[in-house]
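Written below as structure tokens is the structure these notes are about.
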Amino acid sequence: MAFSGGGSHGTLNGTTPVEIAPTPGVGVERFVRAMYINNDSGESVVVTLSKYVSGTDYDICSISLRDGDVLQFGDGDHVILGNGETIRAVLSTNPAVNPDYVVSWGDRS
């Protein structure tokens, strides 16, 4: 059994879903350990995180963030991804400035 770490960061894209944690390779389990979304948009937004499996979104959470708020997922929480599964984030509106995200994970093969 082998372990490795990884992560991603970027900017959300309004009402277009963004893959913030990509699918692991075949035979790999991805343990998503931390997700942060920093709302620096200058306005309130509603962000929805979902696990995307075979064309279907399964909501993890949907929360309203005021300007300056940070959605923090971690502290013992985690989501396990298999091949073909991702985590996506989407906003309910298209703010002038989109929030940033940071995600970290560990892979086990």
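The values are calculated or read from the model by the stated rules, or taken from the named source; none is laboratory data. Remember, predicted model here, so these are calculated numbers, not experimental data. Positions of Cβ are generated from backbone atoms using ideal geometry, with glycine treated the same way; all protein chains shown enter the neighbour counts.
From the residues in region 57-87 that are closer than 21 Å to V45 by Cβ and part of a loop (DSSP other than H, G, I, E, B), which one is modelled with the lowest pLDDT? Out of the qualifying residues, it is G74. Against the list (1) within 21 Å of S104 (Cβ to Cβ); (2) modelled with pLDDT under 95, the condition S41 fails is (1). Out of V32, V46, one residue alone is under 20 Å from R108 (Cβ atoms) and either more than 12 Å from the chain's Cα centre (by Cα) or in a strand (DSSP E or B) (or both). It is V32. Each residue in region 43-92 was checked for being aliphatic (A, V, I, L, M), over 17 Å from H9 (Cβ atoms) and free of Cβ contacts under 8 Å to residues at least 40 places away in the same chain, and 4 pass.
Which ones in region 89-109 are assigned to a strand (DSSP E or B) and surrounded by fewer than 17 Cβ atoms within 10 Å (Cβ to Cβ)?
D100, V102, G106, D107, R108 - these are the residues of region 89-109 that are assigned to a strand (DSSP E or B) and surrounded by fewer than 17 Cβ atoms within 10 Å (Cβ to Cβ).
Considered as a group, the residues in region 30-42 that are closer than 17 Å to S8 by Cβ and in contact with a Pro (Cβ under 7 Å, 6 or more places away or on another chain) include one that is surrounded by the most Cβ atoms within 10 Å (Cβ to Cβ), and that residue is R30.
Among residues of region 45-62 being β-branched (V, I, T) and surrounded by 11 or more Cβ atoms within 10 Å (Cβ to Cβ), the one that is farthest from T86 (Cα to Cα) is V45. Among residues of region 12-29 being surrounded by fewer than 13 Cβ atoms within 10 Å (Cβ to Cβ) and not aliphatic (A, V, I, L, M), the one that is nearest to S104 (Cα to Cα) is G25.
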